[in-house]
Amino acid sequence: MELLLEYGWVLLVLIALEGLLAADNALVLAIMVKHLPENQRKKALFYGLLGAFVFRIGSLFLISFLVDVWQVQAIGALYLLYISINHTLKHFIKGKKPTEDAKPKPDKPKKQSGFWMTVFKVEVADIAFAVDSILAAVALAVALPPSGLPNIGGLDGGQFIVIFLGGFIGLIIMRFAASYFVKLLQQRPGLEVAAFLIVGWVGVKLAVITLAHPDVALIDHHFPESSIWKASFYIVLVLIAVIGWFGSSKEKVQDEDNAIKEVEEQQPGKTLQG
């Protein structure tokens, strides 16, 4: 039961993190396909997300064989820390709203891409988003205790399933539930900063795993699996989320700044909010 709870907790954390990261990602994709005729927008997103799914599956199988290589762990940790610090500094130094970077610049008109070029751009964007998600999922899952399931590559079977489910649910959120998370981020912009701080904290976790690797051995190799470290990690993670929620006063979104409509236009079965 304890093993099941630990795996379930990590999966819930992954789903929440995927949802927050997918919100901005979905808004960017909605802007990318907005210039296409209405009957082509959803097709472009579908082809792009299909390619992203194939990429995630392929990357997951590849990383399952490389996950125990400390150099790969170190690169992953540095990358997660980089995107966390970079995004947080941009937010505070430039004072931008969470969705400002994704908004089109009407004063700089440019030639719009055709259908297949747009699909290609969506594909590239999806792959970039997938790298962040996969690395964060791996960092969260690799310290989980053995599940008893057969190994897949260098990963325990249970760890592989958690990472796979996190990524798969992330794609579902981006396609079907992104408008909810976009609305949440617009109303509480501090949650976006919190999400990227959590990504950075996950990067610290991966760095600890790297330093405890037998070939590095700068810290005891049992430390990443110790109860003290696990408890400390999740306490800090929850504190970041709580501070992000309560530290961000709820804002009313004006119609002209409503980014939800951008996303809902591309989602199946959705109608614009009046």
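Is there a residue being in contact with a His (Cβ under 9 Å, 6 or more places away or on another chain), open to solvent by 70 Å² or more (accessible area, probe 1.4 Å) and modelled with pLDDT under 80 anywhere in the range 109-125? Checking the range 109-125: at least one residue is in contact with a His (Cβ under 9 Å, 6 or more places away or on another chain), open to solvent by 70 Å² or more (accessible area, probe 1.4 Å) and modelled with pLDDT under 80.
When you scan the range 74-82, do you find a residue that is in a loop (DSSP other than H, G, I, E, B), at pLDDT 80 or above and either in contact with a helix residue (DSSP H, G or I) (Cβ under 9 Å, 6 or more places away or on another chain) or open to solvent by 50 Å² or more (accessible area, probe 1.4 Å) (or both), even just one? Within the range 74-82, none of the residues are in a loop (DSSP other than H, G, I, E, B), at pLDDT 80 or above and either in contact with a helix residue (DSSP H, G or I) (Cβ under 9 Å, 6 or more places away or on another chain) or open to solvent by 50 Å² or more (accessible area, probe 1.4 Å) (or both).
Checking the range 206-214 against the condition returns no match, with no residue being open to solvent by 40 Å² or more (accessible area, probe 1.4 Å), of a type in the set (A, V, I, L, M, F, W, C) and in contact (Cβ under 8 Å) with a residue 40 or more places away in the chain.
Does Ser147 fit the bill of being in contact (Cβ under 8 Å) with a residue 60 or more places away in the chain, not hydrophobic (A, V, I, L, M, F, W, C) and not in a helix (DSSP H, G or I)? In short, yes. The residue that is nearest to Ala16 (Cα to Cα), among those in the range 238-274 that are exposed (fewer than 10 other Cβ atoms within 10 Å of the Cβ) and either at pLDDT 85 or above or polar (S, T, N, Q) (or both), is Ser249. Summed over the range 19-38, residues that are modelled with pLDDT of 75 or more and either within 20 Å of Ile134 (Cβ to Cβ) or not aliphatic (A, V, I, L, M) (or both) total 1. When Ile235 is tested against (1) modelled with pLDDT of 90 or more; (2) surrounded by 15 or more Cβ atoms within 10 Å (Cβ to Cβ); (3) within 21 Å of the chain's Cα centre (by Cα), exactly one condition is not met: (2).
The values are calculated or read from the model by the stated rules, or taken from the named source; none is laboratory data. Bear in mind the structure is a predicted one, so any value in this text is a computation, not a measurement. Quick reminder, even Gly has a Cβ in these numbers, built from the backbone with ideal geometry, and neighbours come from all protein chains shown. Each accessible area value is taken on the protein alone, full model and side chains, heavy atoms only, with ligands, DNA and RNA left out. Shrake-Rupley method; radii C 1.70, N 1.55, O 1.52, S 1.80 Å.
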